[in-house]
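One structure is given here, and the rest of the page talks about it.
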């Protein structure tokens, strides 16, 4: 199995990205307690291995900015609920595109190891589910797949 964090760090190292320090288990526990949620192993491993970008170089050459766990935000409360949608209770914004033109959220179900990734914050305010795992999302991201952009959504 491919280490998602390793794939991302290798990809990001080609650009002048400033990496955020890898998350600690304590930071993940704080996130879980403050959001009354249990992160699936896949998401925990992602933050423990990669944990996004940090200023000053916190946007990649294509306009993506991966957030560290300390910045990850529930969609239900982001922008005063402006990006929320029905069923977004356990969806968390973790990547933004072009300074919040839109974003990407991971959605989890209580007690399930499954994670879905969707595009949020688009003009029509409807989420577009693009991946069934963080690994699939990272693959789309590294390949700069058209499914990453709401103008060309492809249902999965």
**Report entry** Residue check for residue 144: closer than 22 Å to residue 19 by Cα, at pLDDT below 95 and more than 13 Å from the chain's Cα centre (by Cα)
**Finding:** no
Requested in this report: Can you give me the number of residues within the stretch 100-115 that are within 17 Å of residue 39 (Cβ to Cβ), modelled with pLDDT of 90 or more and more than 10 Å from the chain's Cα centre (by Cα)?
Outcome: 2
Report task. Quick one: residue 94 ticks every box in (1) touching a helix residue (DSSP H, G or I) at 6+ places or on another chain (Cβ under 9 Å); (2) modelled with pLDDT of 95 or more; (3) not in a strand (DSSP E or B) except a single one, so which number is it? Result -> (3)
**Report entry** Filtered residues of the stretch 123-133 (kept if under 13 Å from the mean Cα position of the chain (by Cα) and surrounded by fewer than 21 Cβ atoms within 10 Å (Cβ to Cβ))
**Finding:** 129, 132, 133
Report summary line: When every residue in the stretch 1-17 that is loosely packed, with under 12 Cβ neighbours inside 10 Å and modelled with pLDDT under 90 is compared, the one nearest to the chain's Cα centre (by Cα) is 2
Query raised in the report: In the stretch 1-40, what count of residues is obtained for those that are within 21 Å of residue 107 (Cβ to Cβ), assigned to a helix (DSSP H, G or I) and in contact (Cβ under 8 Å) with a residue 40 or more places away in the chain?
Result: 7
Query raised in the report: Does residue 44 satisfy being surrounded by 14 or more Cβ atoms within 10 Å (Cβ to Cβ) and in contact with a helix residue (DSSP H, G or I) (Cβ under 6 Å, 6 or more places away or on another chain)?
Result: yes
Report summary line: If you go through 58, 139, 79, the only one that is at pLDDT 90 or above, on the phi > 0 side of the Ramachandran plot and outside any strand (DSSP E or B) is 79
**Report entry** Qualifying position, being within 26 Å of residue 111 (Cβ to Cβ) and over 15 Å from the mean Cα position of the chain (by Cα), among 85, 47
**Finding:** 85
Query raised in the report: Within the group 106, 129, which residue is assigned to a strand (DSSP E or B), farther than 17 Å from residue 67 by Cα and touching a strand residue (DSSP E or B) at 6+ places or on another chain (Cβ under 6 Å)?
Result: 129
Query raised in the report: What number goes with the only condition from (1) modelled with pLDDT of 95 or more; (2) assigned to a helix (DSSP H, G or I); (3) within 23 Å of residue 102 (Cα to Cα) that residue 68 does not pass?
Result: (2)
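The values are calculated or read from the model by the stated rules, or taken from the named source; none is laboratory data. Note that this is a predicted model, so its numbers are computed, not measured. All Cβ positions, glycine included, derive from the backbone under ideal geometry; neighbour counts span all protein chains shown.
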